[in-house]
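Have a look at the structure below before the remarks.
The values are calculated or read from the model by the stated rules, or taken from the named source; none is laboratory data. On a predicted model such as this, the values are computed, not experimentally measured, just so you know. Ideal geometry is used to build each Cβ from the backbone, glycine not excepted, and the neighbour counts take in all protein chains shown. Surface areas here come from the heavy atoms of the whole protein model, side chains and all, with no ligands, DNA or RNA. Shrake-Rupley method; radii C 1.70, N 1.55, O 1.52, S 1.80 Å.
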Amino acid sequence: MRFLFSTHLINNSLGLLRSPLTAAPICSLWVPIKSPVFRSATSPMAAAAFSSAMAITPNSEETLARKLWIKFNRECLFSIYSPFAVCLAAGNLKIDTFRQYIAQDVHFLKAFAHAYELAAECADDDDDKLAISNLRKSVMEELKMHDSFVQDWDLDINKEVSTNSATLRYTEFLLATASGKVEGCKAPGMLDTPFEKTKVAAYTLGAVTPCMRLYAFLGKEFGALFDPSDVNQPYKKWIDNYSSDAFEASAKQTEDLLEKLSVSMTGEELDIIEKLYQQAMKLEVEFFHAQPLAQPTIVPLFKNHSKNDLVIFSDFDLTCTVVDSSAILAEIAIVTAPKDELSRSGQQIQRMLSSDLRNTWNLLSKKYTEHYEECIENILNKQKADKFDYEGLCKALEQLSDFENEANNRVIESGVLKGLNLEDIKRAGERLILQDGCINVFKKILATENLNAKVHVLSYCWCGDLIRAAFCAGGADAVEVHANEFTFEESISTGEIERKVESPIDKAQQFKSILQNGKDINEKKSPLTVYIGDSVGDLLCLLEADIGIVVGSSSSLRRVGTHFGVSFVPLFSGIVQKQKQYTEEESSSTWKGLSGTLYTVSSWAEIHSFALGWE
């Protein structure tokens, strides 16, 4: 059970579920959350690691470039989590690999310069022509920087390195776009009017802009991790260039020019720009992943641990879902409940009237909220630990266990869960909207060949059937669910709950039991464990796992964790630090449970990028 407040999200999450008993849509007035601070289901990357790039939700006043950058941030993540980018940020990228990259990037930049030249010819406005020419000059300056790398390492790139396939795909795409070879655009040579030519210039900017913004993003993120006292970072010049105000200004100028050139375009023409932008982002990802590495890397995680057993654990409510399951179950109960005494007669299990049930649920929710906050404050009133104190945290969370037990007792005694039809519950589960990318991560893990992995979901949810229906509908029926269960009489709930997981202590015990039951006594290596969660109830499991990943930004989770010496580290900065010491021989000991460190992300796309890499 979680505390609730008014919104329309549950209606969207259930896809306007209609009960066969009422034929009325389930439109909730409440959405439950796990802590006093609600977090958006579409929250961007953790601010500490990816502050400027994705911290704003799109709105109608934002520029086209900004909206597209946010929309296609998944590709951005695949670039920054590429083995090449992680090694470069760590400063231990092999020099030979960087030489190869610079050689490819020179081909890349020459194509950019030519594309700008073609775009300037298409621009009708003199100011636009000048702006594009200035952008081309910035590219030429960038080529001069690359020349300095070439001179430093005595490399003749024209003789020694040919264009690889990933570079060729991007440059051919870019030059074709700048030449007017775009679907929905007249063929080159048939662009009769200045407006038609200007569209080609806009399309070219649509293909260039994502590269500029991506490099500005990478530069700033790498720069934020750079230690000025680290004299061994060989790529300081590269990082300084792309993190500079000058490069940011060039990226902004490109975006501003795209906005100006596209302002009078039709919706269909803007769709073309969006497709070009997305294609450019994908080609950028391919470019980074095409760089040859002859060194062990920390990413992608599962590729490096394919010889080990992998056990993935995840919370469900608000980690996997957009809304909490308790509100969904309560809303099913309210909508399907009898409206008057007459409609209640003859029921197999005597149910509360709909109005009484709604009032009771409001009181239960209010009491839960008040007591939860009191419980958290009582935990924080204890003396703050000066170092990681797992035993102290376990003892403190016993209060939360007692609190959850009492809250569930009140729910059962109230009778609000009596009379729910199992088919209604399963239908709600099938229509439940999960966090973007969650189901794909599970499916890909379970389907990856040569990966001995299992996925377990540990949840406080009152009804495991709801969870199983959600995963089966998404094609991830192999996910093993560990939750509480309703008791039924002929598919009608009795109002009782078979309690299996209702507290942080229960979750931790389930976590250990699953590992113990799956252990092969002949296997010397322990499995790599990953736990993904978002609330205080997940803290013990997050810490027990070799890798604990916190999704979102629950204030109570961070406050309680910090109080007992837990460190919260943005995932990207954490893996860059590990890459600095990473060797193939020590890969199995890179991650260890009960270290007191948890890794923060704000999306499943980031987890996908880190764990599974580019598809």
Subject >> strands (runs of 3 or more DSSP E) fully within the stretch 523-582 counting 2 or more residues that are under 22 Å from V501 (Cα atoms) >> reply: 528-533, 547-551
Original post:
Checking M212 against (1) under 13 Å from S138 (Cα atoms); (2) surrounded by fewer than 21 Cβ atoms within 10 Å (Cβ to Cβ); (3) not small (G, A, S), which single condition isn't satisfied?
Top reply: (2)
Original post:
Which number in (1) touching a Pro at 6+ places or on another chain (Cβ under 8 Å); (2) open to solvent by 40 Å² or more (accessible area, probe 1.4 Å); (3) outside any loop (DSSP other than H, G, I, E, B) marks the one condition that V311 misses?
Top reply: (2)
**OP:** Have a look at L318, L329 and point out the one that is part of a loop (DSSP other than H, G, I, E, B), crowded, with 23+ Cβ neighbours inside 10 Å and among the aliphatic types (A, V, I, L, M).
**Re:** L318
**OP:** Scan the stretch 279-307 for residues that are of a type in the set (G, A, S) and at pLDDT below 95 and jot them down.
**Re:** A294, S306
Original post:
In this structure, is T583 more than 27 Å from V323 (Cα to Cα) and surrounded by fewer than 20 Cβ atoms within 10 Å (Cβ to Cβ)?
Top reply: yes
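Here's the yes/no breakdown for (1) more than 22 Å from I497 (Cβ to Cβ); (2) surrounded by fewer than 16 Cβ atoms within 10 Å (Cβ to Cβ); (3) at pLDDT below 95:
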site: S325; (1), (2), (3): no, no, no
site: V335; (1), (2), (3): no, no, yes
site: L342; (1), (2), (3): yes, yes, yes
site: S345; (1), (2), (3): yes, yes, yes
site: Q348; (1), (2), (3): no, yes, yes
site: I412; (1), (2), (3): no, no, no
site: G419; (1), (2), (3): no, no, yes
site: E423; (1), (2), (3): no, yes, no
site: R427; (1), (2), (3): no, no, no
Original post:
Are any residues in the stretch 486-516 of a type in the set (S, T, N, Q), more than 29 Å from the chain's Cα centre (by Cα) and surrounded by 21 or more Cβ atoms within 10 Å (Cβ to Cβ), and if so, which ones?
Top reply: S493
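Is it true that some residue in the stretch 253-273 is touching a strand residue (DSSP E or B) at 6+ places or on another chain (Cβ under 6 Å), of a type in the set (G, A, S), farther than 21 Å from C76 by Cα and surrounded by 19 or more Cβ atoms within 10 Å (Cβ to Cβ)?
No, the conditions are met nowhere in the stretch 253-273.
Has the stretch 278-287 got any residue that is closer than 12 Å to L64 by Cβ and either under 24 Å from the mean Cα position of the chain (by Cα) or not charged (D, E, K, R) (or both)? Can you show your working first?
Going through the stretch 278-287, the residues closer than 12 Å to L64 by Cβ turn out to be none.
No, every residue in the stretch 278-287 fails to be closer than 12 Å to L64 by Cβ and either under 24 Å from the mean Cα position of the chain (by Cα) or not charged (D, E, K, R) (or both).
Can you work out which of the residues in the stretch 367-388 that are without any contact (Cβ under 8 Å) to a residue 40 or more places away in the chain and within 18 Å of N408 (Cα to Cα) is least open to solvent (accessible area, probe 1.4 Å)? So that I can check it myself, show each step before the final result.
Let us first name the residues in the stretch 367-388 that are without any contact (Cβ under 8 Å) to a residue 40 or more places away in the chain, namely 370-371, 374-375, 377-378, 381, 383.
Those still in the list that are within 18 Å of N408 (Cα to Cα) too: 370-371, 374-375.
On the way: E370: 87, H371: 63, E374: 106, C375: 11 Å².
Applying the filter and picking the extreme gives C375.
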**OP:** Output the number of residues of the stretch 126-166 satisfying the condition of being at pLDDT 80 or above and over 21 Å from A251 (Cβ atoms).
**Re:** 6
Original post:
In the stretch 444-459, how many residues are within 20 Å of the chain's Cα centre (by Cα) and open to solvent by 80 Å² or more (accessible area, probe 1.4 Å)?
Top reply: 0
